[in-house]
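What follows is a short report on a single structure.
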């Protein structure tokens, strides 16, 4: 019976995908055989990455956060810029940050990812590729040594940078799977041009780079793999667009001021972790699920952990549809409208976050539900556990209480209370890494 139900769900997802995909091609002007094949493979990969019992994720992995705080004075107030020895304050950072020889074994980073994206390996099985050229002049025949040339290669690659650089992308950067963009050891900025597109791919890590002042690309003929060139419509201006992709990890990225969203995850994307990032100066921060009519996003499973939602933010941290989102130990110090919202019955589990409401008395509520009457949304599972509410912030809960389950320890990052959040997120955003020193 279980197998029959699973097959029925897969058929339902495929039909939903076929129905909506003519209107949501993510800027593919010609949906040719190459993109059809890539979409079909991605749909298969996404279902393999999906866990059929996501509720169980919310009740494991407590020991990882506890160990990250062991041996350090977790109650110490740390004001201003930290200048002491390396202190890894959360379980992801504890895995790699304080190793002074991090540059000799960069790929050990893949052992550190937790949450729904915990199986992401990026370019671990490939060679290193050193970006030496910050230019982005040729969209059809990218110059070797550029980031665009690196991300379209067939084989897995671990991409690093020869020096600090600002890369202005003339058009969206269309990545192939099994790639890591690793900015450690340099100050790497993708800015003042188009953003990054992860479309029908799996196994991508984006680590320790700045993404800011992203604008929409004009579209045109762009090489999206070694063997394929296609025509693209104008891009939206997202910092990172995740479309029909799985096993994605975004870590220690600083993002601000993009024309559309900072991070969007849509069209059945799943197995994603967004961690240790710093978000500032933006309106619509994160969108998970683009359409109330596309129930294929029911397989979406995303962990949002140890991030700092900082100055100049307005809303969507995140805004969710259909899927399952675990929001754990994040610091929400600024918003103008609301912090977490959604529609179409998503499951949102908020644990151990700190919410500091704005002065506006009309914006104290953390949550916002769209396009549904209370008689409908009261059945959506939106639960708050151990969150610290400050300056009048309040979280409107709904749905059934959380249950006790036994999920994989790597899939759950079980929270510490919200009072720990300032410490857990202290090193969010990009970190300075020099050879021979801890990051």
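Please return the ranges of strands (runs of 3 or more DSSP E) entirely within segment 229-272 where 2 or more residues are over 11 Å from the mean Cα position of the chain (by Cα) and crowded, with 24+ Cβ neighbours inside 10 Å. Working first, answer last.
Details: elements: 240-243, 246-251, 254-258, 263-266.
Counting at least 2 such residues, we get 254-258.
Looking only at strands (runs of 3 or more DSSP E) that lie completely in segment 125-222, which have at least 1 residues being touching a strand residue (DSSP E or B) at 6+ places or on another chain (Cβ under 8 Å) and over 23 Å from residue 274 (Cβ atoms)?
Values: elements: 127-131, 157-161, 165-167, 179-182, 188-191, 196-199, 202-207, 210-214.
By residue number, 127-131, 165-167.
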Being surrounded by fewer than 18 Cβ atoms within 10 Å (Cβ to Cβ) and touching a strand residue (DSSP E or B) at 6+ places or on another chain (Cβ under 6 Å): is that true of residue 360 here? no
Selection from segment 246-273 of residues that are touching a helix residue (DSSP H, G or I) at 6+ places or on another chain (Cβ under 8 Å) and at negative phi: 246, 248, 249, 251, 266, 269, 270, 272, 273
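Scan segment 336-348 and tell me whether some residue there is in contact (Cβ under 8 Å) with a residue 60 or more places away in the chain, over 30 Å from residue 46 (Cβ atoms) and assigned to a strand (DSSP E or B). Step through it out loud before you land on a result.
Kept after step one, since they are in contact (Cβ under 8 Å) with a residue 60 or more places away in the chain, are these residues of segment 336-348: 347.
Now drop any that are not over 30 Å from residue 46 (Cβ atoms), which leaves none.
No: segment 336-348 contains no residue that is in contact (Cβ under 8 Å) with a residue 60 or more places away in the chain, over 30 Å from residue 46 (Cβ atoms) and assigned to a strand (DSSP E or B).
Does residue 375 qualify as being surrounded by 15 or more Cβ atoms within 10 Å (Cβ to Cβ) and outside any loop (DSSP other than H, G, I, E, B)?
On the way: surrounded by 15 or more Cβ atoms within 10 Å (Cβ to Cβ): no; outside any loop (DSSP other than H, G, I, E, B): yes.
Criteria not met by residue 375.
Counting only residues that are in contact with a strand residue (DSSP E or B) (Cβ under 8 Å, 6 or more places away or on another chain) and more than 17 Å from residue 274 (Cα to Cα), how many does segment 322-340 have? First the steps, then the outcome.
Our first condition is that a residue be in contact with a strand residue (DSSP E or B) (Cβ under 8 Å, 6 or more places away or on another chain); within segment 322-340, this holds for 323-340.
Still in the running and more than 17 Å from residue 274 (Cα to Cα): 333-338.
The qualifying residues number 6.
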Tell me, please, whether a residue that is closer than 18 Å to residue 247 by Cα and surrounded by fewer than 20 Cβ atoms within 10 Å (Cβ to Cβ) can be found in segment 159-180. no
Can you report the number of residues in segment 301-321 which are touching a residue at least 40 places away in the same chain (Cβ under 8 Å), closer than 18 Å to residue 208 by Cβ and either in a strand (DSSP E or B) or touching a strand residue (DSSP E or B) at 6+ places or on another chain (Cβ under 6 Å) (or both)? 3
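Coordinate-derived values only; no laboratory data. Please read these numbers as outputs of a predicted model, since none were measured by experiment. FYI the Cβ positions are ideal-geometry reconstructions off the backbone, even for glycines, and counts take in every protein chain you see.
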